[in-house]
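Chemist: The following block contains the structure, expressed as C-alpha coordinates.
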Amino acid sequence: MKVTQLFRYPVKSLPGLPVAEISFDDFGPRGDRRWMIVDAHTGRFVTQRLYPQLAMVDVSVSGDSVQIALPGGGVYALEPSAVERPVTVWRDAVLARVAEGEVSARLGAWLGTEVLLVYMPEESFRQIDPVFVEERRRVSFADGYPLLVVTESSLKQVCEWVGRPLSIRRFRPSIVLDGDLAFAEDLWSSIRINGLDISLVKPCSRCVMTTVDPDLGKRDADGEPLKTLKQRRSSPSGALFGQNGLHRGLGTIRVGDEVEVLETPLTP
(Lines give C-alpha, C1' and ligand atoms only; values in the text may rest on other atoms or scores of the structure.)
Protein backbone atom coordinates (compact mmCIF):
# COMPACT_ATOMS: atom_id res chain seq x y z
CA MET A 1 0.00 0.00 0.00
CA LYS A 2 1.28 3.47 -0.91
CA VAL A 3 0.52 7.15 -0.47
CA THR A 4 -1.14 8.33 -3.69
CA GLN A 5 -2.09 11.92 -2.81
CA LEU A 6 -1.33 14.51 -0.14
CA PHE A 7 -3.20 17.75 0.59
CA ARG A 8 -2.46 20.80 2.70
CA TYR A 9 -5.07 23.40 3.70
CA PRO A 10 -3.43 26.77 4.41
CA VAL A 11 -6.81 28.39 5.22
CA LYS A 12 -9.53 26.44 6.98
CA SER A 13 -12.48 25.73 4.64
CA LEU A 14 -10.76 27.13 1.55
CA PRO A 15 -9.54 24.70 -1.13
CA GLY A 16 -6.71 22.34 -0.29
CA LEU A 17 -3.45 22.25 -2.19
CA PRO A 18 -2.20 18.95 -3.65
CA VAL A 19 1.44 18.61 -2.61
CA ALA A 20 4.24 16.13 -3.21
CA GLU A 21 5.26 15.98 0.43
CA ILE A 22 4.15 17.04 3.89
CA SER A 23 6.45 17.92 6.77
CA PHE A 24 5.13 17.97 10.32
CA ASP A 25 5.46 20.31 13.28
CA ASP A 26 3.68 20.37 16.64
CA PHE A 27 0.45 21.64 15.06
CA GLY A 28 0.30 18.91 12.41
CA PRO A 29 1.20 19.28 8.70
CA ARG A 30 3.39 22.37 8.53
CA GLY A 31 1.33 25.42 7.55
CA ASP A 32 -1.96 23.54 7.63
CA ARG A 33 -5.04 25.48 8.77
CA ARG A 34 -3.11 28.12 10.65
CA TRP A 35 -5.43 30.66 8.93
CA MET A 36 -9.18 30.74 9.41
CA ILE A 37 -12.17 32.91 8.47
CA VAL A 38 -14.36 34.14 11.32
CA ASP A 39 -17.47 36.25 11.71
CA ALA A 40 -16.26 39.80 12.33
CA HIS A 41 -18.75 40.34 15.16
CA THR A 42 -18.83 37.03 17.03
CA GLY A 43 -15.39 35.65 16.20
CA ARG A 44 -16.95 32.28 15.35
CA PHE A 45 -15.45 30.29 12.49
CA VAL A 46 -16.96 30.52 9.00
CA THR A 47 -16.90 27.53 6.64
CA GLN A 48 -18.32 26.03 3.47
CA ARG A 49 -21.11 24.57 5.58
CA LEU A 50 -22.77 27.99 5.36
CA TYR A 51 -20.89 29.49 2.41
CA PRO A 52 -20.18 26.76 -0.17
CA GLN A 53 -18.87 29.42 -2.57
CA LEU A 54 -15.68 29.50 -0.49
CA ALA A 55 -14.63 26.51 -2.61
CA MET A 56 -14.06 28.98 -5.47
CA VAL A 57 -11.39 31.07 -3.69
CA ASP A 58 -7.95 30.19 -5.03
CA VAL A 59 -5.16 29.57 -2.53
CA SER A 60 -1.45 29.55 -3.27
CA VAL A 61 1.71 29.27 -1.18
CA SER A 62 5.21 30.50 -1.82
CA GLY A 63 7.55 29.49 0.97
CA ASP A 64 5.74 30.50 4.14
CA SER A 65 3.63 33.14 2.37
CA VAL A 66 -0.04 32.39 1.71
CA GLN A 67 -2.09 34.21 -0.93
CA ILE A 68 -5.76 34.06 -1.83
CA ALA A 69 -7.38 35.12 -5.10
CA LEU A 70 -11.07 36.05 -5.13
CA PRO A 71 -13.30 35.18 -8.07
CA GLY A 72 -13.58 38.17 -10.36
CA GLY A 73 -10.20 39.58 -9.39
CA GLY A 74 -8.09 40.55 -6.44
CA VAL A 75 -5.04 38.71 -5.11
CA TYR A 76 -4.10 39.25 -1.48
CA ALA A 77 -1.18 38.08 0.63
CA LEU A 78 -2.10 36.95 4.13
CA GLU A 79 0.07 38.54 6.79
CA PRO A 80 -0.78 38.48 10.51
CA SER A 81 -0.89 41.85 12.25
CA ALA A 82 -0.15 42.59 15.89
CA VAL A 83 -3.89 42.91 16.58
CA GLU A 84 -5.12 40.00 18.67
CA ARG A 85 -8.65 38.82 19.32
CA PRO A 86 -10.32 35.70 20.70
CA VAL A 87 -11.94 33.45 18.11
CA THR A 88 -14.01 30.29 18.37
CA VAL A 89 -13.69 27.05 16.43
CA TRP A 90 -16.33 24.57 17.56
CA ARG A 91 -16.20 24.72 21.37
CA ASP A 92 -12.64 26.03 21.58
CA ALA A 93 -11.73 29.66 22.26
CA VAL A 94 -8.32 30.59 20.85
CA LEU A 95 -6.34 33.81 20.73
CA ALA A 96 -5.54 34.70 17.11
CA ARG A 97 -4.04 37.57 15.13
CA VAL A 98 -6.08 39.51 12.58
CA ALA A 99 -4.78 39.73 9.00
CA GLU A 100 -3.12 42.93 7.83
CA GLY A 101 -4.66 45.17 5.21
CA GLU A 102 -7.91 45.00 3.29
CA VAL A 103 -8.10 41.28 2.58
CA SER A 104 -10.78 40.62 5.22
CA ALA A 105 -12.96 43.45 3.95
CA ARG A 106 -12.58 42.28 0.35
CA LEU A 107 -13.43 38.69 1.21
CA GLY A 108 -16.43 39.85 3.25
CA ALA A 109 -17.71 42.03 0.42
CA TRP A 110 -17.51 39.07 -1.93
CA LEU A 111 -19.31 36.79 0.56
CA GLY A 112 -21.88 39.41 1.49
CA THR A 113 -21.08 39.34 5.20
CA GLU A 114 -18.45 40.85 7.49
CA VAL A 115 -15.58 38.49 8.18
CA LEU A 116 -12.01 38.51 9.42
CA LEU A 117 -9.11 36.34 8.37
CA VAL A 118 -7.16 35.32 11.47
CA TYR A 119 -3.90 33.49 12.13
CA MET A 120 -2.95 31.09 14.91
CA PRO A 121 0.50 32.16 16.16
CA GLU A 122 3.08 29.90 17.76
CA GLU A 123 2.25 31.15 21.25
CA SER A 124 -1.41 30.16 20.93
CA PHE A 125 -2.34 26.70 22.18
CA ARG A 126 -5.47 24.78 21.25
CA GLN A 127 -5.89 21.38 22.85
CA ILE A 128 -6.63 18.50 20.51
CA ASP A 129 -10.10 16.99 20.98
CA PRO A 130 -9.72 15.28 24.37
CA VAL A 131 -12.56 12.81 23.92
CA PHE A 132 -10.31 10.27 22.18
CA VAL A 133 -6.83 11.62 23.04
CA GLU A 134 -6.12 12.34 26.68
CA GLU A 135 -2.55 13.60 26.30
CA ARG A 136 -1.73 17.29 26.03
CA ARG A 137 -1.32 17.89 22.29
CA ARG A 138 -1.92 20.98 20.23
CA VAL A 139 -3.77 21.30 16.95
CA SER A 140 -4.29 24.12 14.48
CA PHE A 141 -7.72 25.34 13.34
CA ALA A 142 -8.50 21.83 12.01
CA ASP A 143 -11.84 20.51 13.25
CA GLY A 144 -10.42 18.29 15.98
CA TYR A 145 -7.35 16.40 14.81
CA PRO A 146 -4.44 17.31 12.52
CA LEU A 147 -4.91 14.56 9.91
CA LEU A 148 -7.56 12.82 7.87
CA VAL A 149 -6.57 9.53 6.24
CA VAL A 150 -8.73 8.07 3.45
CA THR A 151 -8.33 5.36 0.84
CA GLU A 152 -9.10 5.32 -2.86
CA SER A 153 -10.82 1.96 -2.50
CA SER A 154 -13.32 3.46 -0.05
CA LEU A 155 -13.98 6.38 -2.39
CA LYS A 156 -14.52 3.93 -5.26
CA GLN A 157 -17.13 2.08 -3.22
CA VAL A 158 -18.97 5.31 -2.36
CA CYS A 159 -18.94 6.33 -6.03
CA GLU A 160 -20.46 2.97 -6.97
CA TRP A 161 -23.17 3.41 -4.35
CA VAL A 162 -23.96 6.96 -5.50
CA GLY A 163 -23.77 6.05 -9.18
CA ARG A 164 -21.37 8.73 -10.39
CA PRO A 165 -17.73 9.83 -10.00
CA LEU A 166 -16.92 12.00 -6.99
CA SER A 167 -13.73 13.92 -6.35
CA ILE A 168 -11.72 12.94 -3.29
CA ARG A 169 -11.50 16.69 -2.63
CA ARG A 170 -15.08 16.63 -1.29
CA PHE A 171 -13.76 14.76 1.74
CA ARG A 172 -10.82 17.11 2.39
CA PRO A 173 -8.23 14.44 3.19
CA SER A 174 -4.67 15.02 4.31
CA ILE A 175 -3.37 11.60 3.22
CA VAL A 176 -4.82 9.39 0.48
CA LEU A 177 -3.78 5.72 0.24
CA ASP A 178 -4.43 3.24 -2.54
CA GLY A 179 -5.39 0.12 -0.59
CA ASP A 180 -7.30 -2.83 -1.98
CA LEU A 181 -10.31 -3.22 0.32
CA ALA A 182 -12.99 -0.59 0.88
CA PHE A 183 -13.08 0.71 4.46
CA ALA A 184 -10.15 -1.44 5.58
CA GLU A 185 -8.95 1.71 7.38
CA ASP A 186 -11.80 1.22 9.86
CA LEU A 187 -9.84 -1.71 11.30
CA TRP A 188 -6.47 0.03 11.65
CA SER A 189 -5.23 1.57 14.88
CA SER A 190 -1.97 2.99 13.55
CA ILE A 191 0.12 3.17 10.40
CA ARG A 192 3.74 4.05 9.60
CA ILE A 193 4.84 6.14 6.62
CA ASN A 194 8.54 6.87 6.03
CA GLY A 195 9.32 6.21 9.69
CA LEU A 196 6.51 8.43 10.98
CA ASP A 197 3.87 6.71 13.09
CA ILE A 198 0.30 7.94 12.78
CA SER A 199 -2.40 6.90 15.24
CA LEU A 200 -5.84 6.56 13.68
CA VAL A 201 -7.81 8.01 16.55
CA LYS A 202 -11.43 7.80 15.43
CA PRO A 203 -13.64 7.47 12.34
CA CYS A 204 -14.48 10.82 10.79
CA SER A 205 -18.16 11.80 10.87
CA ARG A 206 -19.09 13.69 7.73
CA CYS A 207 -21.20 16.81 7.23
CA VAL A 208 -22.89 18.82 4.51
CA MET A 209 -19.53 19.98 3.15
CA THR A 210 -19.23 16.65 1.33
CA THR A 211 -22.16 17.76 -0.85
CA VAL A 212 -20.28 20.83 -2.11
CA ASP A 213 -18.97 20.42 -5.65
CA PRO A 214 -15.35 21.67 -5.30
CA ASP A 215 -15.31 22.82 -8.93
CA LEU A 216 -18.56 24.80 -8.77
CA GLY A 217 -18.79 26.01 -5.18
CA LYS A 218 -22.39 24.80 -4.95
CA ARG A 219 -24.13 22.01 -3.06
CA ASP A 220 -25.40 19.13 -5.16
CA ALA A 221 -29.18 19.15 -5.21
CA ASP A 222 -29.40 15.39 -4.53
CA GLY A 223 -27.50 15.71 -1.24
CA GLU A 224 -24.86 13.23 -2.28
CA PRO A 225 -22.66 11.66 -1.11
CA LEU A 226 -23.87 12.51 2.40
CA LYS A 227 -27.28 10.99 1.73
CA THR A 228 -25.75 7.64 0.81
CA LEU A 229 -23.22 7.74 3.64
CA LYS A 230 -26.07 8.21 6.11
CA GLN A 231 -27.73 5.11 4.67
CA ARG A 232 -24.65 2.91 4.29
CA ARG A 233 -22.19 4.22 6.90
CA SER A 234 -24.39 5.44 9.71
CA SER A 235 -23.21 5.50 13.32
CA PRO A 236 -24.26 7.21 16.57
CA SER A 237 -21.74 9.96 15.79
CA GLY A 238 -22.86 10.44 12.18
CA ALA A 239 -22.11 9.24 8.65
CA LEU A 240 -18.55 7.91 8.52
CA PHE A 241 -15.81 8.22 5.91
CA GLY A 242 -12.06 8.21 6.63
CA GLN A 243 -10.07 8.19 9.85
CA ASN A 244 -8.88 11.11 11.94
CA GLY A 245 -5.16 10.81 12.58
CA LEU A 246 -2.52 12.05 15.01
CA HIS A 247 1.18 12.06 14.15
CA ARG A 248 3.61 10.57 16.65
CA GLY A 249 6.79 12.57 16.23
CA LEU A 250 8.09 14.78 13.44
CA GLY A 251 9.16 13.93 9.92
CA THR A 252 8.20 14.12 6.26
CA ILE A 253 5.97 11.91 4.16
CA ARG A 254 5.80 11.90 0.37
CA VAL A 255 3.58 10.72 -2.44
CA GLY A 256 4.74 7.23 -3.33
CA ASP A 257 5.86 6.29 0.19
CA GLU A 258 5.07 2.78 1.36
CA VAL A 259 2.51 2.45 4.15
CA GLU A 260 2.74 -0.14 6.89
CA VAL A 261 -0.22 -1.03 9.07
CA LEU A 262 1.16 -1.31 12.60
CA GLU A 263 -1.87 -2.21 14.68
CA THR A 264 -5.43 -3.33 14.23
CA PRO A 265 -8.02 -3.60 16.99
CA LEU A 266 -8.60 -7.00 18.54
CA THR A 267 -12.21 -6.81 17.40
CA PRO A 268 -13.68 -4.89 14.43
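Chemist: Go through the residues of the stretch 234-254 one by one and say whether even a single one is over 17 Å from I22 (Cα atoms) and β-branched (V, I, T).
Modeler: No, the stretch 234-254 contains no residue that is over 17 Å from I22 (Cα atoms) and β-branched (V, I, T).
Chemist: Okay, next question. Please determine, by comparing only the residues of the stretch 62-78 that are surrounded by 14 or more Cβ atoms within 10 Å (Cβ to Cβ) and either in contact with a strand residue (DSSP E or B) (Cβ under 7 Å, 6 or more places away or on another chain) or hydrophobic (A, V, I, L, M, F, W, C) (or both), which one is nearest to L14 (Cα to Cα).
Modeler: I68
Chemist: Next question. Could you check how many residues of the stretch 202-254 are of a type outside the set (D, E), surrounded by fewer than 21 Cβ atoms within 10 Å (Cβ to Cβ) and outside any helix (DSSP H, G or I)?
Modeler: Here the count works out to 23.
Chemist: Counting residues that are over 28 Å from E152 (Cβ atoms), which strands (runs of 3 or more DSSP E) fully inside the stretch 1-114 reach at least 1?
Modeler: Qualifying strands (runs of 3 or more DSSP E): 35-39, 58-62, 65-69, 75-78, 80-89, 92-99.
Chemist: State the number of residues belonging to the stretch 163-195 that are assigned to a strand (DSSP E or B) and either buried (at least 18 other Cβ atoms within 10 Å of the Cβ) or not assigned by TED's automatic domain parsing to the domain that holds S13 (or both).
Modeler: The number of residues fulfilling the criteria is 5.
Chemist: Please determine whether any residue of the stretch 79-88 is within 13 Å of M36 (Cα to Cα), among the acidic types (D, E) and either modelled with pLDDT of 95 or more or outside the structural domain of G63 (by TED's automatic domain parsing) (or both).
Modeler: yes
Chemist: Sticking with this structure for a sec: How many of the residues making up the stretch 127-143 are modelled with pLDDT of 90 or more, not in a strand (DSSP E or B) and not aromatic (F, W, Y)?
Modeler: Here the count works out to 7.
Let's see how each residue does on (1) surrounded by fewer than 22 Cβ atoms within 10 Å (Cβ to Cβ); (2) β-branched (V, I, T); (3) in contact (Cβ under 8 Å) with a residue 24 or more places away in the chain:
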position: P29; (1), (2), (3): no, no, yes
position: V38; (1), (2), (3): no, yes, yes
position: R44; (1), (2), (3): yes, no, yes
position: R49; (1), (2), (3): yes, no, yes
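Chemist: A further question on this structure: Would you please name the residue that is surrounded by the most Cβ atoms within 10 Å (Cβ to Cβ), looking only at residues in the stretch 87-128 that are touching a Gly at 6+ places or on another chain (Cβ under 6 Å) and touching a residue at least 40 places away in the same chain (Cβ under 8 Å)?
Modeler: The extreme case among them is V87.
Chemist: Quick one: Y76 ticks every box in (1) at positive phi; (2) without any contact (Cβ under 8 Å) to a residue 40 or more places away in the chain; (3) of a type in the set (S, T, Y) bar one, so which box is it?
Modeler: Here Y76 meets the rest and fails (1).
The values are calculated or read from the model by the stated rules, or taken from the named source; none is laboratory data. These numbers were taken from a predicted model, which means no experiment stands behind them. All Cβ positions, glycine included, derive from the backbone under ideal geometry; neighbour counts span all protein chains shown.
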